[in-house]
Amino acid sequence: MQAVLTYLAQNQTRFLAEFCDYLRFPSVSAQSAHTPDLLACANWLAAHCKNIGLDATLRPTKGHPIVVAKTPRLKAKTKRPHFMVYGHYDVQPPEPLDLWKSPAFEPRIVGREIFARGSTDNKGQNFAHLKAIEAYLKTGTPLPCDLTFVLEGEEEVGSKSLSTFLTKNRRELDCEAVIISDTGMPSLQHPALTYSLRGIIAFEITLHGPARDLHSGVFGGAVENPAMALANLLAQVRDKNGRIKIPGFYDGIVPLSKFERAQAAHYPLKDAQLKKLLGSPQLFGERGFTATEQRSARPTFEINGLTSGYQGEGSKTIVPSWARAKITCRLVPAQNPAHVRKVVCSYLKKICPSTVRMEVSAGHGAEAYLVSPTGRQAQAALRALKKAFGHEPILMREGGSIPIVNQFKKILGADSLLLGLGLPDDNAHSPNEKFHLDCFEKGQLMSAHLWQELAG
Ligand code: BES
Ligand code: ZN
């Protein structure tokens, strides 16, 4: 083990240069113009995995390729535990570009932070695991288990191809658990094991009004304005206490236990800090729950994008022909995504005035995830976190979603160990995304210790 730790300590400068190469690929899965960049990124990643001694292949899918990289298997038929390390090389769109202090795909290092789209979500986090394994392989230190890295290119758009890939390659991917660093921790002093993620449903609603944009002076007043109708419709989704008014929306939710509420109350990021971090005039959420509970254990209805009419410079006096909202709902354990989708759609249709025509298009969907944090593997992960970060780890729920974890459970029967390395101020999905180099280095240490703890 000492050889592994020494190797890690001696190679950080090179690791950082390689990490920058990884970050330079604009692997934006939501935008089809970037398809070649995703392929180039996957090729680079597979080649890198081979360089560090993994047996790596690029597996084509209907969408973006999946990189599968394995530690060399022992010749003898002694069966060793097999773990999967999951991550994604695709990133969120970098827009709005003018808010970046330096270009999103030209990594910039300032002090101990590296700025680039994908730095924390998720390239830096999966690269930390790769570097830990490189240290084992390059120093000839025997690993106590077999590992398979599965790095996909569609996580940010719902992991469709990977789901099919899991079913087709069930045997090959059969494992004891999936290790995922794609979440966060409250601070470097509070490493965390996440035991729950929220689920999600995505959809778009478009309200169609007049057949074309109209002169608002000539026709305005005698025809419905779709933007007004949409604003009115969306305003009826939530009450003043932050509760979703859609009948059936909260069906099936298991109330938080006393223990969990106590746990949430000890979450180190307090409301005042959160307000400052988010730069919002005031926090707002469902009455009766703390901010920590609201953003990790309660469902939401969020408008992610709202478009209608003229958005260019100056004014243009029109009644727009249409208005559209991109919406996602976050779901919590025991909520059924299909049921929520149904009740949301029927509510919106019911309250939609006959002066416009509503079109709904469904996007991706996934259930929430919840796993017991008391099992043997979770305990091993907690020991590895403590060794790497030098602080007692906490247990937490996260509000983000990693849709594929449900398929890992359903298809492979494997639980996911969520060992996030991101910090609350990393700006994931925002302009000026960054990753802290302490997270990168301690993440490598955590991974190095993890295999010993898990297989020991
Ligand atoms: N890394 C995030 C998920 C995450 C972040 C979980 C922070 C918990 C805490 C992941 O890349 C992500 O953004 N997932 C999407 C999934 C969606 C597009 C289906 C999300 O949560 O919006
Ligand atoms: Zn993300």
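Derivation of every value follows stated rules applied to the coordinates shown; laboratory data play no part. Because the structure is predicted, anything quoted here is derived from the model rather than measured. With ideal geometry, Cβ positions are generated from the backbone for all residues, glycine too; neighbour counts draw on all protein chains shown.
A few notes on this one:
- Between Arg24 and Glu359, the contour length at 0.36 nm per residue exceeds the alpha carbon distance by 116.8 nm.
- Formal net charge of residues neighbouring Arg287 (Cβ-Cβ distance under 14 Å; K, R +1; D, E -1): +2
- For the pair Ala265 and Lys342, label points projected 7 Å from Cα toward Cβ lie 3.8 nm apart.
- Inter-label distance, nm, simple model (7 Å from Cα along the C-beta direction), Arg14/Glu286: 5.1
- Length gained on full extension, Gln379 to Lys168, computed as 0.36 nm times the residue gap minus the Cα-Cα distance: 72.8 nm.
- Counting neighbouring beta carbons within 10 Å and listing from fewest to most, the residues Ser102, Ser296 come out as Ser102, Ser296.
- Packing rank of 199-205, 90-96, where each peptide gets the mean count of other beta carbons within 10 Å, highest leading: 199-205, 90-96
- Fewest neighbouring Cβ atoms within 10 Å first, the residues Met228, Met84, Met396 line up as Met228, Met84, Met396.
- Paramagnetic label zone (point 7 Å from Cα along Cα-to-C-beta, Ser102; backbone N under 16 Å) in the stretch 108-142: 108-120
- Under 17 Å from Lys386, Cα to Cα: lysines that are on another chain or at least 8 residues apart: Lys442
- Net charge contributed by nearby residues that have their C-beta within less than 15 Å of Ser102 (K/R +1, D/E -1): +1
- The chain, helix-only ellipticity at 222 nm - DSSP H runs n ≥ 4, -39,500 (n - 2.57), divided by all residues, nearest 500: -10000 deg cm²/dmol
- Convex hull of Cα atoms in the stretch 1-129, direction-averaged projection (nm²): 9.9
- Cα extents of the chain along the three principal axes, largest first (Å): 80, 49, 45
- Judged by the mean number of other Cβ atoms found within 10 Å, the most tightly packed of the peptides 135-145, 255-265 leads the ranking 135-145, 255-265.
- For Thr57 and Asp438, the difference between the fully extended length at 0.36 nm per residue and the C-alpha to C-alpha distance is 134.1 nm.
- As a proxy for reagent exposure, ranking Thr206, Thr13 by other Cβ atoms within 10 Å from fewest up yields Thr13, Thr206.
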